[in-house]
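See structure below.
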Amino acid sequence: MNDQTDVARNKEESRAAAQAALTPPVDVFEDATGITLLADLPGVPKDDLHLQVEAETLTIEGEVRLEVPEGMEATHAEVSLPRYRRVFTLSRELDTDKVSAEFRNGVLTLRIPKAEHAQPRRIDVEVA
Amino acid sequence: MYRSLFANDMYAELDRLQREMSRAFEYSPSIRGAVRGGFPAMNVGGTPQSVEIYAFAPGIDPATIEVQIEKGVLTVAGERSSSLPAGESKASVHIAERFAGSFRRVVTLPDDADPEKVTARYRDGVLHISIQRRETSLPRRISIQ
């Protein structure tokens, strides 16, 4: 929002882990070459979406930023927290170096390919 | 033969408690209800000059969202197609939580909302509808027929 926010970001991020967050709904499906994950994160601008892969943990975090007129009083709120967070455990056959992400209209699409060695292979049966 | 003494009664009691709890936390029991967990999720707020409605509807082409105000009732309707692979493909679905299908949500507007002064914007998957309030403080002219 302003300069101060940027300076405070690191502190904010370390604190974020302890803050309450909404769980975004996701779709996850798998085909022969990898896993696709879609997550609904409405209200999160691209710059406030944080994706992290550490060891075998995938963390999706986002801060909701809405244009709110000055002096607005909320009368009904279904989205009651200004942030989303969801953590997934990945499995070893996934290639975390080749994760690709797209974020459009509040929907995150993640593609996590399987490592070369984990791709399906046809095994020839030899006849002795 | 084993039969629990009051198992049925206990579950009925728990059920009743749960229903009462959710009713106690339900804010503003309007005639149209306030269905939580519906799509899109909605936040409503107001300033002295306007009524602000936020519909959290990610992944929708803004051109296909239908926003209508009729007799003081705001309707937001549209459709979101499923992103899951079709049945014949060789993919397996592990989690399917995202909403898919057509939706319609209705909000009763306050009496002073002016249906002529509405702006609707779609950004980052949130539809923000701002409705100006009528300036009731101004003297109104009444025409004589």
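Readers should treat all values here as calculations from the given coordinates under stated rules, not as data from a laboratory. Here the structure is a predicted model, which is why all the values come from computation and not from measurement. All Cβ positions, even for glycine, are placed from backbone atoms using ideal geometry, and neighbour counts span all protein chains on display.
Below are the figures for this structure:
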item	result
Length-normalised contact order for chain A - Cα pairs under 8 Å, 6+ apart - percent	27 percent
Whichever lysines have a C-alpha closer than 27 Å to that of A:LYS46, once near sequence neighbours (fewer than 8 apart) are set aside	A:LYS11, A:LYS98, A:LYS114
A:GLU70 versus A:ALA20: modelled label distance in nm, points set 7 Å from Cα along the beta carbon direction	3.0 nm
Segment B:40-145: GluC sites (Glu not before Pro) in DSSP coil with no more than 16 other Cβ atoms inside 10 Å	B:GLU88, B:GLU97, B:GLU135
Nearest-ten-degree value, helix A:3-16 long axis tilted from longest Cα axis of chain A	60 degrees
B:LYS90/B:ASP61 FRET efficiency (R0 30 Å; Cβ-Cβ; nearest 0.05)	0.55
A:LEU51-A:ARG121 FRET efficiency (beta carbon distance; Förster radius 25 Å; 0.05 resolution)	0.25
